[in-house]
1. Only one of B:Gly25, B:Gly62, B:Gly91 is of a type outside the set (A, V, I, L, M, F, W, C), on the phi > 0 side of the Ramachandran plot and surrounded by 12 or more Cβ atoms within 10 Å (Cβ to Cβ). Can you tell me which?
2. Might you check whether a residue that is touching a residue at least 24 places away in the same chain (Cβ under 8 Å) and closer than 26 Å to A:Ser158 by Cβ occurs anywhere in the range B:22-31?
3. Would you confirm whether any residue within the range A:85-102 is more than 11 Å from chain B (Cβ to nearest Cβ), touching a residue at least 24 places away in the same chain (Cβ under 8 Å), out of contact with any helix residue (DSSP H, G or I) (no Cβ under 6 Å at 6 or more places or on another chain) and polar (S, T, N, Q)?
4. Name the helices (runs of 4 or more DSSP H) wholly within chain B that hold at least 1 residues that are under 30 Å from A:Ile94 (Cβ atoms) and under 14 Å from the mean Cα position of the chain (by Cα)?
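Nothing in this text is a laboratory measurement; each read-out follows from the coordinates by a stated rule. In this text the structure is predicted, and so the values were computed from the model without any measurement. Please note: Cβ atoms are built from the backbone with ideal geometry, for glycine as well, and neighbour counts cover all protein chains shown.
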Amino acid sequence: MASGALITFSLNILGALVALLTSYYAYRFNRLVESTVLRAISLGFMLLGVGLILDAGTSLFSGRTLVESYADRVFVLFATYTYLTVQMVAYLVIAVGYSRAAYGSGQTKTAVPAALVGSAAIGLYDFSLLSYFVALILLAFVVFQGFLLHSGRSNRFSTIVLLAFGLIFAAHLVLLLSVLTLGTGLFLIGTGIQFLGFLSLLVFLVRSEVVGAG
Amino acid sequence: MAQGEKQRSVLRINLDILNAVRDEGDAKPTHILYKANLSHERLVKYLDDLTAKGLIEVKQEGEARTYRLTPKGVSFLIEMRHAESFVQGFGLAI
């Protein structure tokens with residue numbers, strides 16, 4: 001198997017596990033706190049986790065086989081497009097949830113039109129490019145909201161979550177560049193940075209658990 | 001959202017009461033009242049509610065009445081502290 005595919009598979013699976021764990025905690029605590037923001041975070045991270053598992057599976061499949069037959073190509077293309085679509089929806093849900101945390105329910109409308117305008121500008125020229133571009137806009141919005149929240153209500157947990165989203169944003173910037181330049185190395189670097197973002201989220205989950213138990 | 005905030009504020013009051021009871025061990029109502037920053041009337045309502053939910057129990061010795069956490073109350077408090085840390089990460093407050 002190509003080592004790049006194996007690395008992508010491993011990092012995406014680990015990232016997916018962290019995303020699903022985050023989703024589970026948000027769901028669990030939503031039963032206590034009853035917040036639409038937690039519901040959005042739970043749904044968003046669940047979609048992200050499922051998408052990453054799908055992408056990991058595709059990496060493994062395309063790394064093991066030569067993907068020469070028409071059926072294989074259709075399968076890989078379908079799986080990739082599904083992952084990219086799920087990823088866009090996941091970041092959209094998280095962005096909406098985050099904006100509600102920052103402003104209440106009224107100001108969600110800024111990121112969505114920006115993402116749609118961006119989508120229209122790129123059109124259907126390249127779906128990968130389109131999806132990474134949209135995800136990048138939504139993540140930029142999430143990081144901005146996170147920064148506002150962190151400024152207003154600074155604590156060690158929001159710092160880690162902000163760092164996590166910042167890294168995931170940086171990862172998508174590199175991934176977008178890799179799509180533009182067709183660079184495999186850049187793609188691996190982007191996947192690695194994204195994994196570091198999920199690792200930060202894992203640190204946040206562990207530390208919040210420790211505080212709860214202490 | 002307004003309803004959610006209202007529910008959260010009730011949750012916050014309950015948490016303050018439970019924290020006060022935990023800090024004191026056998027907590028007198030006046031101490032809880034002071035730490036939770038509530039009027040006597042509201043405190044009685046919340047204490048009755050928490051007792052009915054099995055999160056605290058009343059200990060009556062003559063005229064003196066004290067409150068302490070039940071095992072269920074301790075578990076709830078741990079879960080709530082975890083929840084509070086989690087939501088703080090996403091810029092929320094209980």
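1. It is B:Gly91.
2. Yes, the range B:22-31 contains at least one residue that is touching a residue at least 24 places away in the same chain (Cβ under 8 Å) and closer than 26 Å to A:Ser158 by Cβ.
3. Scanning the range A:85-102, I find at least one residue that is more than 11 Å from chain B (Cβ to nearest Cβ), touching a residue at least 24 places away in the same chain (Cβ under 8 Å), out of contact with any helix residue (DSSP H, G or I) (no Cβ under 6 Å at 6 or more places or on another chain) and polar (S, T, N, Q), so the answer is yes.
4. By residue number, B:2-24, B:71-89.
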